[in-house]
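Take a look at the structure set out below.
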Amino acid sequence: GIVVGETGIGWSRANLDFGYLYNGEYSSPANTFFRPETQFANVVDSSVWFQPYDTYDGFTSNLEITDAAQYTYSSQNIMFAKKDSFWYRGIILAKQNGNYLALDPLDIYINDLGQYTLKYQYWYGTDGETNLSVVPEPGNLLLFIIGLIVLAGRHLRVSKAAHLTSATRI
C-alpha cells in the first residue's frame, strides 16, 4: 500500500498508466488489505474514463489546497493515472483519521523484482491541519527542519507547519 504519515492507502495497478486507490478494505484472490477509511475529494463519475471506476478532479499544485476541509469527500474507490499519462487528473486530495493529505501519482513501473511499483509524492497534515499549501516541497524538507531547529533555539513560536510533512516515495 501507499504509506503516508502513520497509516496507508491500499492501491493496485490496472496497467502502466492507471491504478486504483481504495477507501479502506481491498480484497483480491492474492491479498486483503485493511486500512483506515480513506475518503477522496471531488469524486466524479466514471463517464470521464469510460470505465466502471469513478475518478476525481485534482489539483495542479499543493499550493491550491489552502483549506482541505472545504471540499466534498466520498468513500468510493477511485481510479487514477500517473503524471505523464494523457489521462492524468492532478493531485489527489484525501482525508483519513481526521487528517488531510494530497497525493501525486508520479509513475507506475515494473521494478527489478518484476513487481508493479507506484512512485508518488505526498503532502500530509497532522492534527487536522487543513492548509496543505504551507507544506514544504520534499527537496526543501531538510532546509525546513533545519530552519525549525534554528527558530526553536531562538525561542520563537513554531507555526502549524511543524505538523506538516511531505516526501517522495517509491
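Assorted remarks:
- Test for Phe86: is it modelled with pLDDT of 90 or more and within 13 Å of the chain's Cα centre (by Cα): no
- Test: residue in segment 44-53 that is aromatic (Phe, Trp, Tyr), at pLDDT below 90 and open to solvent by less than 30 Å² (accessible area, probe 1.4 Å): yes
- Considering residues of segment 75-103 that are free of Cβ contacts under 8 Å to residues at least 40 places away in the same chain and under 20 Å from Thr117 (Cβ atoms) only, the residue least open to solvent (accessible area, probe 1.4 Å): Ile91
- Any hit, segment 62-80, residues being assigned to a strand (DSSP E or B) and more than 19 Å from Gly24 (Cβ to Cβ): no
- Condition met for Gln39 (modelled with pLDDT of 90 or more, open to solvent by 60 Å² or more (accessible area, probe 1.4 Å) and either closer than 20 Å to Trp123 by Cβ or touching a Lys or Arg at 6+ places or on another chain (Cβ under 8 Å) (or both)): no
- Any hit, segment 1-10, residues being small (Gly, Ala, Ser), farther than 21 Å from Tyr122 by Cβ and at pLDDT below 90: no
- Once segment 57-74 is narrowed to residues that are open to solvent by less than 20 Å² (accessible area, probe 1.4 Å) and out of contact with any Gly (no Cβ under 8 Å at 6 or more places or on another chain), the residue that is farthest from Tyr122 (Cα to Cα) is Ile65.
The values are calculated or read from the model by the stated rules, or taken from the named source; none is laboratory data. Quantities reported herein were computed from a predicted structural model and do not represent experimental measurements. Note: ideal-geometry Cβ built from the backbone for every residue, glycine included; neighbour counts use all protein chains shown. Note: areas computed on protein heavy atoms with side chains; ligands, DNA, RNA excluded. Shrake-Rupley method; radii C 1.70, N 1.55, O 1.52, S 1.80 Å.
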